[in-house]
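Peer 1: First the structure, which I've put down as structure tokens, then a few questions once you've had a look.
The values are calculated or read from the model by the stated rules, or taken from the named source; none is laboratory data. Note that the coordinates shown come from a computational prediction; the quantities given were computed from them, not determined experimentally. Neighbour counts run over all protein chains shown; Cβ positions are idealised from the backbone, glycine included. Each accessible area value is taken on the protein alone, full model and side chains, heavy atoms only, with ligands, DNA and RNA left out. Shrake-Rupley method; radii C 1.70, N 1.55, O 1.52, S 1.80 Å.
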Amino acid sequence: MNVDLGKVDKLIDKYRDEEAAYIPLLQDINSEFRYLPRDALKRVSQKMEVPLSHLFRLATFYKSFSLVPRGEHEIQVCMGTACHVRGAPRVLNKITQQFQIYPGETTADQKFTVETVNCVGACALGPLVVFDGKYFGHLNLSRTDKLLEGYHEENKKSS
Amino acid sequence: MKKIKSPAELEKLRETLVSQNNTDKPWVTICCGTGCSASGALDVVSSFEKAIKEKNLDIDITTKVTGCHGFCEQGPLVVINPGNIFYCKVKYEDVEEIIKETLLEKKLIDRLLYVDPLSQEKVKTEDEVTFYKKQLRLLLGNNGMIDPTDLYDYLGIGGYGALNKVLQEMTPRQVIEEIKNSGLRGRGGAGFPTGIKWESSYKAEGDLKYVICNADEGDPGCFQDRSILEGNPHSVLEGMIIGAYAVDSGQGYIYVRNEYPLAVKNFSTAIEKARDYGLLGENILGSSFSFDVKICRGGGAFVCGESSALIASIEGKAGEPRDKYIHATEKGLHDKPTVLNNVKTWATVPLIIEKSAEWFSNIGTEKSKGTMIFSLTGKVNNTGLVEVPMGITLKELVFEIGGGIPGGKNIKAVQTGGPSGGCIPEKLLDLPLDYEKLIEAGSMMGSGGMIVMDENTCVVDLARYFLSFTQDESCGKCIPCREGGKQMLSILNNITQGKGQEKDLDLIREIASVMKDGSLCALGTMAPNPVLTTLQYFPDEYLAHIRDKKCPAGVCQALIEYFIDQEACNGCGRCLKVCPSEAITGHKEEPHELDQDKCIKCGACTEVCRHEAILVK
Ligand SMILES: Cc1cc2nc3c(=O)[nH]c(=O)nc-3n(C[C@H](O)[C@H](O)[C@H](O)COP(=O)(O)O)c2cc1C
Ligand code: FES
């Protein structure tokens, strides 16, 4: 995959003058490309004069970074305590079965990434799923089915 | 917009704001915290805006979008003033009626009133809702009064008055004494006395010092810090400025979880506004004191909530803790003296300065002062954020504020303190909640997570859940935590799958003692707590899993079987339709059968059955 290094440079310039601002820089790169492309990390390493190994260490330590491209749509299943006791594991099972991937993985067509998150601050609505930033609460198996169906349909239309 | 150059100018501005607020003009607050937004509060806001714009109303109505009120269960929440009228579960379509009936004709809309789950009576005002009545909402209360993005709102309720007082009347020493006298202890978990922490940083040598706000909130079932940052960011900022003044720090940081975009946004706005008005930055309110704050977004690692790991993360490193023979108050961020406190701790500071240490120390118990915010969840009628004076009993919290257990079920235990805490059984429900009492019971205050369990919650499963969380979040630097957690989890997995042996329980205790003694940080030393407390209070439930291969609560998948109650089933066919593995068969209007060999135990049938005919054993 070709990476637009111009974009990377722009982000680097933002943090040039700050001391050791690698984490916010990688966060920006990660949200720009939906992952941390290898070439981008190399560029950061050169320009910020920091060993590539340090960047990889950060990239693998923190959960918010990904070294593989993530899907267009993000499905986050809340596995927080409140959601757990109200049956979140079943919802997660349903979703991972439907997409045939494990949590943290992306579907082969690069459309969906499924991941688990901890409490998203809406425990009263649990179990819940955050679909592209939108909350869907009080899920059970049939409501989960409906939610996924809707997105599949939309997806078919758009592609 | 001009910089305020002296405390007197700030007072003058406040007086104008307060007099403007003192009108009888009706105002409506709409809770747009995460919970209410998820239930459609933003639609309610737009509906109000639309109606006010289009309808040419002959009254002037102000709407206020506020942060979380705490009662997320009943959201979206709308409060109408004057009158404190409380409407819950409000929808887009209701707004027109609210304006017409309640605001214009001063009539209540019955359907939108809250019904008390115990007395079944309708409640008219927010103050009368039992969920709120027993609370003491020092920190959370203002969330419902102000628009978090509006500095004037915060000033209007007395905001930055404490900063003003500090700059005008108090020396740094006096501020520290006041905080010490108040008895305030850290709200991030361990409960270290805040004044003493400040004092050691004050005494430490160094021309550069830092203050940090810990907003990493990693407990998987907590959102109180988030809701303060989203709903009342200036209160935290004011606390930090006062703390910086006390220890003579020029630079502060706030470390916020990256998953909290709204908190980051609202806090950034607060910082900008405060800078514009001269409350932050060079020469605050015309004094010689300068201080500024930067936001750091966390990278999503629970261990970064630990103080030394958090500091490493701000320094651009991987967030691994270090041994704490040197305190951060002497050598913290960039090896400079650093004060690190939790969001709630900072937000409490202005209150103490404003109202005095004596006032504060009258709230709570002998050694735990003030209020604590719990996120009350699990099998309880009223879930949400509750702020109560320290020393309240668990029973009051669960049964009075929480409104008891749904579905007439029995309470089994309450897990407090999140993944580092423990499980407190029903027989100890009279336990007063303070730092010491919780530790005596084997748990801890932690971040204030509180999960109520009923007979259908499996304690082994919950312990396994917390341990899998801490195990997954272990940074791996020290062996007791990294390997101990892993082995203990595999034992628990075996037990929940019916492959456990009785001697496993001794092994668990042995591993736990090594983890407690040998781990580098509290992530490892506290991780065994949920397991040890459940083992202590519910040994029979573990034995049922091991000896009888049964999960009495009906949770652990490998140990349960689904049955159809032939008496109760009327053959409606709902379960048959949803079963993904065709395990259910039967003719219409005749009791159905369930084939154990085909059943994958997904539970879909229990969800749709309307006759309680699906049994779990
Ligand atoms: C694994 C671990 C996670 C922690 N997470 C948090 C957290 O999310 N928020 C917090 O304020 N303190 C957290 N703490 C406690 C901090 O280390 C520290 O004690 C606290 O922030 C100090 O502030 P206080 O004195 O105001 O409580 C955590 C500690 C450990 C060991
Ligand atoms: S646990 Fe899922 S939102 Fe809090």
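Peer 1: Of the residues that sit in segment B:192-219 and are assigned to a loop (DSSP other than H, G, I, E, B), out of contact with any Pro (no Cβ under 7 Å at 6 or more places or on another chain) and open to solvent by less than 30 Å² (accessible area, probe 1.4 Å), which one is farthest from ligand 2 (Cβ to nearest atom)?
Peer 2: Ranking the qualifying residues of segment B:192-219, first place goes to B:Asp216.
Peer 1: Also, quick follow-up: May I ask you to list the residues in segment B:577-617 that are within 14 Å of chain A (Cβ to nearest Cβ) and polar (S, T, N, Q)?
Peer 2: B:Ser581, B:Thr606
Peer 1: Need a quick list: strands (runs of 3 or more DSSP E) entirely within segment A:44-159 having at least 2 residues that are buried (at least 16 other Cβ atoms within 10 Å of the Cβ) and more than 8 Å from chain B (Cβ to nearest Cβ).
Peer 2: Qualifying strands (runs of 3 or more DSSP E): A:73-78, A:112-117, A:129-131.
Peer 1: Could you tell me which of the residues A:Ser66, A:Ser53 is more than 9 Å from ligand 2 (Cβ to nearest atom), under 16 Å from A:Ile29 (Cα atoms) and of a type in the set (S, T, N, Q)?
Peer 2: After ruling out the rest, the residue left standing is A:Ser66.
Peer 1: Out of everything in segment B:302-316 that is within 9 Å of chain A (Cβ to nearest Cβ), open to solvent by 10 Å² or more (accessible area, probe 1.4 Å) and more than 16 Å from ligand 2 (Cβ to nearest atom), what residue ends up being nearest to A:Glu19 (Cα to Cα)?
Peer 2: Result: B:Glu315.
Peer 1: Considering each residue of segment B:12-42, count those that are away from chain A (no Cβ under 14 Å) and among the hydroxyl-bearing types (Ser, Thr, Tyr), and give that number.
Peer 2: 4
Peer 1: Taking into account only those residues within segment A:1-26 that are in contact (Cβ under 8 Å) with a residue 12 or more places away in the chain and within 21 Å of A:Lys111 (Cα to Cα), which is least open to solvent (accessible area, probe 1.4 Å)?
Peer 2: A:Val3
Peer 1: Also: Out of A:Gly137, A:Gly126, A:Gly121, which single residue is within 16 Å of ligand 2 (Cβ to nearest atom) and in contact (Cβ under 8 Å) with a residue 24 or more places away in the chain?
Peer 2: Criteria check complete, one pass: A:Gly126.
Peer 1: Here is a follow-up. Can you find even one residue in segment B:30-37 that is open to solvent by 40 Å² or more (accessible area, probe 1.4 Å) and on the phi < 0 side of the Ramachandran plot?
Peer 2: There is no residue in segment B:30-37 that is open to solvent by 40 Å² or more (accessible area, probe 1.4 Å) and on the phi < 0 side of the Ramachandran plot.
Peer 1: Still on this structure, I have one more. Against the condition within 14 Å of another protein chain (Cβ to nearest Cβ) and either crowded, with 24+ Cβ neighbours inside 10 Å or within 16 Å of ligand 2 (Cβ to nearest atom) (or both), how does B:Ile295 come out, does it pass?
Peer 2: The answer is no for B:Ile295.
Peer 1: Any residue that is surrounded by fewer than 22 Cβ atoms within 10 Å (Cβ to Cβ), on the phi > 0 side of the Ramachandran plot and at pLDDT 95 or above - is there at least one of those in segment B:355-364?
Peer 2: Within segment B:355-364, one or more residues are surrounded by fewer than 22 Cβ atoms within 10 Å (Cβ to Cβ), on the phi > 0 side of the Ramachandran plot and at pLDDT 95 or above.
Peer 1: Another one. Give the residues of segment A:66-80 that are within 16 Å of ligand 1 (Cβ to nearest atom) and in contact with a Ser or Thr (Cβ under 7 Å, 6 or more places away or on another chain), sorted by residue number.
Peer 2: Matches in segment A:66-80: none.
Peer 1: Among the residues of segment B:442-497, write down those that are open to solvent by 10 Å² or more (accessible area, probe 1.4 Å), outside any helix (DSSP H, G or I) and under 21 Å from B:Arg509 (Cβ atoms).
Peer 2: Passing the criteria: B:Gly442, B:Met444, B:Ser474, B:Cys478, B:Gln497.
Peer 1: Just to be sure before I move on: is B:Ile326 under 21 Å from B:Lys197 (Cα atoms) and surrounded by fewer than 21 Cβ atoms within 10 Å (Cβ to Cβ) in the structure I sent?
Peer 2: Yes.
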